[in-house]
Structures are given as C-alpha cells and as structure tokens.
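Novice: To start, I am sharing the structure in question, which I have written as structure tokens.
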C-alpha cells in the first residue's frame, strides 16, 4: 500500500480520506480477521452445547427427541441459519488464510481472494437459506415458499 | 559477539550474522506445530463440517427430519461413526487452540489467563470425553 502523498483534487490516483473510528487500519484484511475470530469463537461455544444435546441419545429416544424439538422452533431455526453462515465464512476464509500462508501468490492476492470468499458465501447461502427456512416459512405463513 | 571492536554503546548487541544461540532450552517448536495443525485440521474440517451441515440442516427437510431414529440409522454405519468421531476431535482441538490464542491475546492478568485456560481445558476434556463415549457406547436397542 504505497499510497503517495498526492494533493487532494482531480488526479490519476484518488487518495482516500484518513480513516477514523478505529485503531486498526488494516481495512479488509483486518475485518476478515475480526470476522474469523468472532465466527470461530461463536462456533466453539455452540459446539459445546451441541455435544451435550447429542449425548442425550444415550439417555433415551424420548429425551433426545424432546431436546431436538428446540432446533425446530422457528426462532432457533433462524439462529441455525446464522450458525451455518458463520461456519461457512470461517471455512472459506480459513482456506484463504491457508492459501496466503502456503501459496506463493497468496499474499499478493489476499484482497481479491476475500472478494471470492464473500461471493462464494453469498452463492452458497442463497439456496442454503431457502432450504433451511422452507419448512418454518410454510408452517408460519401457510403455503408460502 | 566476538567482534574485534565492541564500543560501549553496542555492547551486548549481537552482530547481524552472529550464529543463533540456544536460549537455555526454552525454545520449542510448539507454536509452529500449533499453526500447522490449524491449517491441516482446518482443511479436513471444511469437508467434515460443511458435509455435516449440508446433511443435517439443508438436504431433505433439514433439521425438521432429525430425531433419535435418524441418529440411530446413521450410527449404524461405521462410516458415519468415524466421520462424527473425527469431526468431534478435530473440531474441539481446532476450536480450543483458536480460543487459546484469543485468551492469550486478551487476558491481562496471569491469573485470569491461567483460569480461563483451565476452564477451556476442562471443557475440551468434557466434550471430547463425553462425545467419544457416546459414539462408542451408543445402544440402538435402548428403546
């Protein structure tokens, strides 16, 4: 990022105004790092709960079925969309991080790779959200979707 | 270190090309292996976890078709038992290693850091232990 100290006004390179409101200036790289952290921590906390609820298969079929009904609640169903979105971002961005570390062109292409990550995320989430919420929408609004 | 001329202002500063000294056995490659583990386990988890989410949440009615019988049917196959066991271990270790980094980044006092790491270790032992036990001792005739 060798930004020249060009004067403001028309010119070949538009110099962005100084960024405020953040101690970091890493821009895309920093925000992808923040998002990677948050999605990772949230997923880890969910995993703790998920191992416990799945362990109920060992107690009795009825106990397990009663707890698993929670996952079918419309609000919790929405949270699952959030979980899948978080895990999918973490996975795609994790591939990007690995490529930055191991691929000779990775560092140079880290920014375009983030746009690819976000594009793939959107492309996969659109049908994903549709199928995940299909049942809930049908039950709540009757016949829709 | 053994420069012919060693003025007081630079005394104790190693020469740029000086051979690396051993730091009293405190050097280990642990953090490098931890870094490598995150990449390797991450690649495997992409397949295991995204496959799991696709089957459990998206395909064929998603979460609404899951019940005890569904789980019993899946764990009748060693393939899905191994899948789930590997996913459990890798996800817990990958997640715990990530959280270890987060704790090390933000804990300000040594005591806080120590107890958060202990709590983390306890949660990993509990989930990995319990999850492994459940996969290996699942009884499809329980009903």
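Novice: In the range B:71-121, which residues are closer than 19 Å to residue A:34 by Cα and either surrounded by 15 or more Cβ atoms within 10 Å (Cβ to Cβ) or touching a strand residue (DSSP E or B) at 6+ places or on another chain (Cβ under 6 Å) (or both)? Outline the logic, then answer.
Specialist: Just the residues of the range B:71-121 that are closer than 19 Å to residue A:34 by Cα, to begin with: B:94-107.
Within the range B:71-121, B:94, B:95, B:96, B:97, B:98, B:99, B:100, B:101, B:102, B:103, B:107 qualify.
Novice: I'm checking my understanding of the structure. Among residues of the range A:43-66 that are surrounded by fewer than 19 Cβ atoms within 10 Å (Cβ to Cβ) and closer than 15 Å to residue B:120 by Cβ, which one is farthest from the other protein chains (Cβ to nearest Cβ)?
Specialist: A:45
Novice: Of all residues in the range A:100-117, count the ones that are free of Cβ contacts under 8 Å to residues at least 60 places away in the same chain and surrounded by fewer than 16 Cβ atoms within 10 Å (Cβ to Cβ).
Specialist: Taking the range A:100-117 as the starting set, the residues that turn out to be free of Cβ contacts under 8 Å to residues at least 60 places away in the same chain are A:100-109, A:112-113, A:115-116.
Next cut, surrounded by fewer than 16 Cβ atoms within 10 Å (Cβ to Cβ) only: A:101-109, A:112, A:115-116.
Of the residues in that region, 12 qualify.
Novice: Kindly indicate which of A:97, A:84, A:15 is modelled with pLDDT of 90 or more and over 25 Å from residue A:136 (Cα atoms). Give the steps one after another, and end with the answer.
Specialist: Numbers: A:84 fails: over 25 Å from residue A:136 (Cα atoms); A:15 fails: modelled with pLDDT of 90 or more.
Of A:97, A:84, A:15, the one residue that is modelled with pLDDT of 90 or more and over 25 Å from residue A:136 (Cα atoms) is A:97.
Novice: Among the residues of the range A:89-108 satisfying the criterion of being more than 7 Å from chain B (Cβ to nearest Cβ) and in contact with a helix residue (DSSP H, G or I) (Cβ under 6 Å, 6 or more places away or on another chain), which is nearest to residue B:126 (Cα to Cα)? Break it down stepwise before answering.
Specialist: The initial filter retains those residues of the range A:89-108 that are more than 7 Å from chain B (Cβ to nearest Cβ), namely A:89-90, A:92-93, A:96-97, A:99-100, A:102-108.
Then keep just the ones that are in contact with a helix residue (DSSP H, G or I) (Cβ under 6 Å, 6 or more places away or on another chain); that gives A:89-90, A:92-93, A:96, A:100, A:106-107.
On the way: A:89: 27, A:90: 24, A:92: 29, A:93: 29, A:96: 32, A:100: 34, A:106: 38, A:107: 39 Å.
Checked the range A:89-108; the qualifying residue nearest to residue B:126 (Cα to Cα) is A:90.
The values are calculated or read from the model by the stated rules, or taken from the named source; none is laboratory data. Just so you know, these numbers come straight off a predicted model, no measurement behind them. Neighbour counts are summed over all protein chains in view; Cβ atoms, including those assigned to glycine, are modelled from backbone coordinates with ideal geometry.
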